[in-house]
Structures are given as structure tokens and as C-alpha cells.
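Each remark here refers to the structure printed beneath this line.
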Amino acid sequence: MATHDLFSRLAQQVGDRLQDASHAPEDIQRSVQGVMRGAFDRMELVSREDFDILMEVLQRTRSRVESLEAQVAALEAALDVGQSVPMAAAEGAEPAAEHAAKGDADASNAPDASHER
């Protein structure tokens, strides 16, 4: 709706300038160009060349992001594999360590042979 209002205002300004037809054609042209330039500046438009450049940058950036996402996924997978191997080894070693600790505890609870004699 704002764009419609902008064009209505623009048409009104151009019509106001053209009503005074006694001006020289160059004056009318400059006046209309000034009104149009002001309207386009308020609309914050970009040139086609700038748009195309930004699209190329966006495509390169998107491609780079996809590449980095793939690298991160590969690193995470390698990290998961690397952590699961030591975890399995630690799980296998844990009962042995507990057994050794229980053996030490059993030895400390056992009557000392030196005290019995």
C-alpha cells in the first residue's frame, strides 16, 4: 500500500510540474527527472549491476557455508568415533580397576597375619 501511495504522490508531483507548460522543454525534463530521482532515492532501489554483484557474493557465501557445514559434520563424526573407542576401552578396564580396588579393600579387611602371631 505504501508503494501505491508513493506512486500516487509521484504522479501528483509530475502533474503539477507539467501544468505549467510555458516552461522550456529542458526545464520540464529537469524538473521531472528531479522528482523521479527523489522518488527513487526514497524507495532505496539498487542498480541491476549492484544486485547482480550481491547475488554472486551470496552464492559464493552460501557455497562456502555448505562446505564448512560438511567439514564440521565430518569432524563431529570423527570425534564421535574417536571418543567411542576410548569409552569402550575404559568401560572394559573399569571392572578390572574396581576388582583391584575391591581386592585392596578385601586385603585391608582381612586379619593381618602378623597380628595373629
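Between D80 and V57, the simple spin-label model (points 7 angstrom out along Cα→Cβ) gives 3.6 nm. Which residues does a label at A11 reach in segment 29-61, if reach means a backbone N under 16 Å from a point 7 Å past the Cα toward the Cβ? The answer is 36. For A73, the shell of other residues with beta-carbons less than 11 Å away shows a net charge of -4, using +1 for Lys and Arg and -1 for Asp and Glu.
Throughout, read-outs are computed from the coordinates displayed, never taken from laboratory work. Note that the structure is predicted; figures quoted are calculated from it, not measured. Here the Cβ is made from the backbone with ideal geometry for all residues, glycine too, and neighbour counts use every protein chain on show.
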